[in-house]
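Notes to accompany the following structure.
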Amino acid sequence: MNEQIDKLRQENQRIRDENRVLEKKLAKLQLKHETLSSKLYELKKRDYKTKSMYVQERSVRVRSGPGINYRAVGGRRFGDEILTKDVKGDWHRIVDPKDSSKTIGWIHGSLLGKMAPGQ
C-alpha cells in the first residue's frame with residue numbers, strides 16, 4: 001500500500017514539474033504573440049494608404065474613437081464616399097477629404113464597402 005502511495009506521489013510530482021515547464025513555455029509564447037501582434041499592427045499602420053470607401057448602410061454613426069463605447073460625433077448616409085486613413089481592429093479612421101491629417105472619426109468596417117452601392 002505504501003509503495004503505491006509513493007508511486008502516486010512521484011507521479012503527481014512529475015506532473016506538477018511538467019506543468020511548471022509548460023506554464024513557462026506558454027508565458028514565453030504569449031509574450032512572443034503580443035510582440036508580433038504589436039509589430040504587425042505598426043507595419044499595417046505604416047503601410048496603410050488613404051482609401052476611398054462607401055457607406056453600405058442607410059445611416060451610420062461616426063465615433064470619436066475605434067469602438068462603440070466612444071461617443072458619436074457625426075453620421076454618414078448610404079452611398080456617402082469617405083476616405084479612410086488607418087485601421088484599428090475592425091474600425092476605420094476616416095479623414096477630411098481636403099486634409100487627410102485631420103481625423104473626422106471612426107466607422108466600423110462592416111458598414112463600409114470598396115464599391116459605391118449599385119455598382
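The residue that is surrounded by the fewest Cβ atoms within 10 Å (Cβ to Cβ), among those in region 109-119 that are touching a strand residue (DSSP E or B) at 6+ places or on another chain (Cβ under 6 Å) and free of Cβ contacts under 8 Å to residues at least 60 places away in the same chain, is GLY109.
Looking across GLY74, GLY118, one residue alone is of a type outside the set (S, T, N, Q), assigned by TED's automatic domain parsing to the domain that holds GLN56 and at pLDDT below 95. It is GLY74.
Kindly state which strands (runs of 3 or more DSSP E) lie completely within region 56-104 and contain at least 1 residues that are among the hydrophobic types (A, V, I, L, M, F, W, C) and without any contact (Cβ under 8 Å) to a residue 12 or more places away in the chain. Before the answer, list the steps.
On the way: elements: 59-63, 72-77, 81-88, 91-96.
Per the criteria, 72-77.
The values are calculated or read from the model by the stated rules, or taken from the named source; none is laboratory data. Predicted, not measured: the structure shown is a model, and the values here were computed from it. Note: ideal-geometry Cβ built from the backbone for every residue, glycine included; neighbour counts use all protein chains shown.
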